[in-house]
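Contents: one structure, followed by commentary.
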Amino acid sequence: MSALVEYAVLACMAAGILSAAVVLLVSRNAVLALRVGLDLWLAASLLRIAEPPVGEHLLYVVAIMVIRQLIRVALVTSWSQRRPTDPGLSQRPSAR
């Protein structure tokens with residue numbers, strides 16, 4: 001792997017960590033922060049396997065994308081199950 005690609009991978013990894021931390025601090029939403037981090041880590045992984053021969057690495061790209069989507073779905077599902085629903089919020093006062 002060339003030095004330029006290696007530095008780009010490290011930059012994407014660091015940007016993913018930093019961006020996820022900033023999103024977590026600003027929004028207090030862990031799922032959103034992880035999604036931001038996963039996007040940049042996906043970019044780092046794609047850069048790492050971008051060098052020739054590309055044909056052999058196509059399965060790696062698909063596996064990385066599938067893992068990312070599975071993590072996203074699992075986080076959204078667990079986050080929505082943990083969020084308590086307030087029955088008072090769903091009931092609207094009747095207009096008279």
Overall form of region 3-80 per C-alpha gyration tensor (a/c, 1.5; a/b vs b/c): oblate
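Would you please put 16-24, 36-44 in order of how densely packed they are, using the mean number of other Cβ atoms within 10 angstrom per residue and starting with the highest?
Values: 16-24: 15.8, 36-44: 18.4.
Answer by packing, highest mean first, reads 36-44, 16-24.
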Cut-off 12 Å between beta-carbons: net charge of the residues surrounding residue 32, Lys and Arg +1, Asp and Glu -1: +2
Per-residue ³J(HN,Hα) for region 29-35, Karplus 6.51 cos²θ - 1.76 cosθ + 1.60, θ = phi - 60°, Hz, x for Gly and Pro: 10, 5, 5, 5, 4, 5, 5
Positive minus negative residues near residue 41 (Lys, Arg vs Asp, Glu; Cβ under 14 Å): +3
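Laboratory data are not the source of any read-out in this text; all were calculated from the coordinates shown. Being a predicted model, the structure only gives us computed values, none of them experimental. Cβ coordinates were reconstructed from backbone atoms using ideal geometry, including for glycine residues, and neighbour counts include every protein chain displayed.
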